[in-house]
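Since the structure comes first, as structure tokens, the remarks are kept for the end.
The values are calculated or read from the model by the stated rules, or taken from the named source; none is laboratory data. Fair warning: this is a prediction, and the values are worked out from it, not measured in the lab. Heads up, the Cβs are rebuilt from the backbone with ideal geometry, glycines too, and the neighbour counts pull from every protein chain shown. To get the accessible areas, we keep the full protein, side chains included, count just its heavy atoms, and leave off ligands, DNA and RNA. Shrake-Rupley method; radii C 1.70, N 1.55, O 1.52, S 1.80 Å.
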Amino acid sequence: IARVQSGDLTDEKIWGDFVRDMPQGLPQAGDRGLDFTPSWGRTYWGGAIFCMLADIEIRKRSGNAFGLQQALRGVIDAGGRNEHYWPVERVLKIADTASDSTVLSELYEKMRADDYAPDLGALWQSLGIRVQDGRSAFDDAAILAPIRRAITSPPAG
């Protein structure tokens, strides 16, 4: 997302990559939640799914005023740095406070231990993303198209 916001990648490229690659983060037979998976794809792309779902839900609840980036900035502002170990619950609580929601904590509880599998096809459709023959196209009339555009727009300020 940051690479699109900085102009290094196009919206078409990043959304097309997400549609192609995020299914690697969905649970397979016998999988549990993200905290208990041994699979690289499930960990990496499952984390990407978590972030995408969190960003979308924060934006829904805030009327698209802010998203995951603002929640994560709240963690940094609270002193969260690589050199500190904080329990995930602390990070989520701070991020939730910064986003004026409980989205991150709720989603973590849903995905942490259970094999939660969101319907990515329905998500892409609601965001107005179609990929055909390796090319991305957008439907700006889709219900969550304003959120899709806001996610990849450079942050204000």
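The table below lists the values:
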{"quantity": "Separation of alpha-carbon centers, the range 1-26 and the range 63-82, rounded to whole Å", "calculated": "21 Å"}
{"quantity": "Residue-normalised accessible area of the range 1-42, given per residue in Å² at a 1.4 Å probe", "calculated": "58 Å²"}
{"quantity": "Accessible surface of the chain [probe 1.4 Å, protein heavy atoms]: carbon and sulfur percent", "calculated": "52 percent"}
{"quantity": "Label-point separation, A122 to I76 (7 Å along Cα→Cβ), nm", "calculated": "3.5 nm"}
{"quantity": "Among (i) 34.4, 107; (ii) 15.7, 45; (iii) 16.9, 56, the entry derived from the coordinates for Rg and Dmax of the Cα atoms in Å", "calculated": "(ii)"}
{"quantity": "The chain - charge dipole about Cα centre, Lys and Arg +1 at Cβ, Asp and Glu -1, debye rounded to 20", "calculated": "180 debye"}
{"quantity": "Under 25 Å from K93, Cα to Cα: lysines that are on another chain or at least 8 residues apart", "calculated": "K60, K110"}
{"quantity": "Highest to lowest packing among 123-133, 100-110, scored as the average C-beta count within 10 Å", "calculated": "100-110, 123-133"}
{"quantity": "Relative contact order (%) - criterion: Cα under 8 Å, at least six apart; region: the range 47-157", "calculated": "22 percent"}
{"quantity": "Accessible area of the range 75-144 divided out per residue, in Å², using a probe of 1.4 angstrom", "calculated": "65 Å²"}
